[in-house]
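The values are calculated or read from the model by the stated rules, or taken from the named source; none is laboratory data. Please read these numbers as outputs of a predicted model, since none were measured by experiment. Using ideal geometry, Cβ is built from the backbone for each residue, glycine included, and neighbour counts are taken over all protein chains shown. Just so you know, the surface numbers come from the protein's heavy atoms only, side chains and all, with ligands and any DNA or RNA stripped out. Shrake-Rupley method; radii C 1.70, N 1.55, O 1.52, S 1.80 Å.
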Amino acid sequence: MPLPPPPSRRPLPQLLGDARRWFEEALLAAMNAAGGTPVTSTQVQLFAVLDAEGTTVATLARRMGVTRQTAHQAVHGLVTAGLLEQIPDPASSRQRLIRRTPEGEHAHHQAERLLQNLEDHLAERIGPDLAGALREALEAPWGPPPSA
């Protein structure tokens, strides 16, 4: 009698995306519960790739893997909410840098604490050894993507 086929495995990029969404959804819920300024998932992602001294919209879009228009919309919403500001770029008179306001810095630090709590919660769920191995695997240098 032949063996049944092995269960299909989901692709690793899909699993990584699901894990990112788990953290984002939990972070958004925790921030809302704490009375923080409501933000979208895209805005959370923008905060994660923003340099402390400021970042251009083009750089933000590239780091986020989105269009400049999407990055502009996320920035506009966060500027309107008082979490980001635009300042002149000292390196280029044609560009502006996006950086956190004092309120944005406060929200950023709050999000970092909440993310640490979520990481601790994940370690309780899957075990500290697996959580540590996951962190080690993701922190290991992967090198450039292989060419076709």
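Observations
- Residue match in the range 86-101 (condition: in a loop (DSSP other than H, G, I, E, B) and either among the β-branched types (Val, Ile, Thr) or surrounded by 14 or more Cβ atoms within 10 Å (Cβ to Cβ) (or both)): yes
- Inter-residue pairs, beta-carbon under 7 Å, first under 16 Å from Leu134 (Cβ atoms) and in the range 1-24, second of a type outside the set (Ser, Thr, Tyr) and outside any loop (DSSP other than H, G, I, E, B), 6+ apart: Phe23/Leu115; Phe23/Leu118
- Of all residues in the range 87-118, those being modelled with pLDDT of 95 or more, in contact with a helix residue (DSSP H, G or I) (Cβ under 7 Å, 6 or more places away or on another chain) and not hydrophobic (A, V, I, L, M, F, W, C) number 1.
- With respect to the conditions (1) among the aliphatic types (A, V, I, L, M); (2) farther than 21 Å from Leu115 by Cβ; (3) open to solvent by 50 Å² or more (accessible area, probe 1.4 Å), Ala58 lacks only one, and its number is (3).
- Helices (runs of 4 or more DSSP H) enclosed by the range 1-78 - at least 2 residues per element that are hydroxyl-bearing (Ser, Thr, Tyr) and at pLDDT below 95: 41-49
- Within the range 50-63, residues that are without any contact (Cβ under 8 Å) to a residue 24 or more places away in the chain sit with their Cβ atoms under 7 Å from residues that are assigned to a loop (DSSP other than H, G, I, E, B) and open to solvent by 50 Å² or more (accessible area, probe 1.4 Å), at 6+ positions apart or across chains, in these pairs: Ala61/Thr67.
- Criterion violated by Ala123 - all others in (1) under 19 Å from the mean Cα position of the chain (by Cα); (2) without any contact (Cβ under 8 Å) to a residue 24 or more places away in the chain satisfied: (1)
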